[in-house]
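Data block below; observations after.
Derivation of every value follows stated rules applied to the coordinates shown; laboratory data play no part. Small disclaimer: the values here were computed from a predicted structure and weren't measured. Virtual Cβ from ideal backbone geometry, glycine too; neighbours counted across all protein chains shown.
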Amino acid sequence: MAYVPHTPEDVRAMLDAIGIESVDDLFATLPPDARLDGGLDLPPGQSEEEVRRFLSDLAAENITQADMVSFLGGGVYDSIVPAACDAISSRSEFLTAYTPYQAEVSQGTLQVIYEWQTYVSRLTGLPVSNASMYDGSTALGEALVLAVSARRKQKVLLPETLNPRWRRVARTMLQGFGTEIVDVPSTDEGTMDVEALAELADGETAAVVVQNPNYLGLIEPVEAISTAGKANGALLIAAVNPASLSVLRSPGEYGADVAVGEAQPFGVYPGAGGPLLGFFAVTDKLTRRIPGRVVGRTVDRNGAGAYVLTLQTREQHIRREKATSNICSNQGVNALRATVYLAMLGRTGLRELGEANLQRLAALRNEVAEIDGVELAFAGPAFNETVIRLPRPAREFRGYARQFGLLAGIPLDGVPGCTENDLLVAVTEKRTAEDIELYAEALHGFVNGEEVDL
């Protein structure tokens, strides 16, 4: 809407009404050093076209992920986005949709959310999904809060192989609960130490978290983790890459009570690390503890299908002490994009997506094996990502690879079990044979100290 500034007469009338002399009197309680003395130091105003040109010139100085070949991962991936995702999600009736408080005028939005919940449940093997979460990290935080509340215990176990950024978010969200967060060490193979888990998962444990594939891209021994983690009544929380569920067992199959994750690979651009799309699914027993809202399908008085908000456990909707979370607007546009993406792929296409990821990662690993001085830090089964160990710091190679137009990966210095020479490399279905060959060329040149001549 248009902004119409108040006239001096309007301001004077308002000041008189509240009994003060000037606008400065409104801020008299603030210390002088916290108040602006004089006007803002801004350049002269410009026309709309001048501002547009100035901002366009600034934007042109950026080199974006779209301008390079990206092997970045760590939770956000450069995946193929079908044109239909852009076309459908940009329609005005979807793009401007907000919280569907009035079901009778929100049937389209509610149906999309219902379909998204259905896809999440089928992928995770758990019967109930919500609608939905901001991203994977906050979904994990909400799952830990749920576990602490459901089990009435204050100890949670996080694996060292968990995404470190998710770990930080989880710690932040548990502050104030008095929760003890215990790290489960990893083995030399880069996966969770199941024997250590069995010793740590005692009767005071509310939840055990497993990320599969883990932050290093490795497949965890989920069956053994489930058995050891749940032996004393703890909830098992599985943090999963949904694309991997096309070729790996679902969380429900190995006994997870809660499944969370990041659905950005399903038709959502990586952007600058967001916006993202978290998902959250639970067993029937935990339905009423699920954060946010659940959309259901029913029939109206004429017998026609209709969609409604079945559960709303936000503090705005129920008594505050009964609320599970204040998570509110789901990532509606991104959930729509993911729903369109999965509807296009179907069961067969999703399977082919997983297989394409496996094939391309295997191709990169084979290339690495042929380069003297470079090796795989962990040789176990992996999905989407692998860790390569270089003869010099990974940060140096990251800079070197940019000269080839490559975003080479994420240095792992500071990550348990890794060194400053370790680099996390993501290979999605978008990477071509030529991309992988170029990456191998850059590795070879880096190892041999070659100057870049492109």
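General observations
- DSSP assigns beta bridges within the chain; of those with both partners inside it, close to 55 percent run antiparallel.
- The range 174-238 has equivalent-ellipsoid semi-axes of 20, 14, 11 Å, by the square roots of 5 times the alpha carbon gyration tensor eigenvalues, sorted largest first.
- On the basis of the beta-carbon distance and an R0 of 25 Å, L42 and A272 show a calculated FRET efficiency of 0.40.
- The convex hull around the C-alpha trace of the chain, projected and averaged over every direction, spans 30.0 square nanometres.
- Rg over Rh [alpha-carbon atoms, Kirkwood Rh] for the range 83-341: 0.98
- Separation of alpha-carbon centers, the range 240-258 and the range 129-185, rounded to whole Å: 18 Å
- Size of the range 1-110: Rg and Dmax of its alpha carbons, in Å, are 24.6, 64.
- 3J(HN,Hα) couplings calculated from phi for the range 181-197 with the Karplus curve 6.51 cos²θ - 1.76 cosθ + 1.60 (θ = phi - 60°) are, in sequence order, 9, 10, 8, 9, x, 9, 8, 5, 7, x, 10, 5, 7, 5, 5, 5, 4 Hz; Gly and Pro show x.
- If you look at the Cα atoms of the range 122-252, you get an Rg and a Dmax of 13.7, 39 Å.
- Cα-based reach from K230 at 23 Å (exclusive), listing lysines while leaving out same-chain residues under 8 positions away: K153, K155, K285
- Modelled label reach - T64, point 7 Å along Cα→Cβ, the range 265-296 residues with backbone N closer than 19 Å: 265-277
- Residues S244, S90, S121 arranged by fewest to most Cβ contacts within 10 Å: S90, S121, S244
- Per-selection Rg to Rh, the range 353-454 - Cα, Kirkwood hydrodynamic radius: 0.94
- Residues of the range 386-421 with amide N under 17 Å of a point placed 7 Å along Cα→Cβ from A362: 386
- Kirkwood hydrodynamic radius (C-alpha pairs) into Stokes-Einstein, the range 195-312, 37 °C and 0.692 mPa s, D in µm²/s: 200 µm²/s
- With R₀ fixed at 30 Å, the C-beta to C-beta distance from I181 to A379 puts the FRET efficiency at about 0.50.
- With the convex hull of the Cα atoms taken as the outline of the range 35-171, the averaged projected area works out to 16.8 nm².
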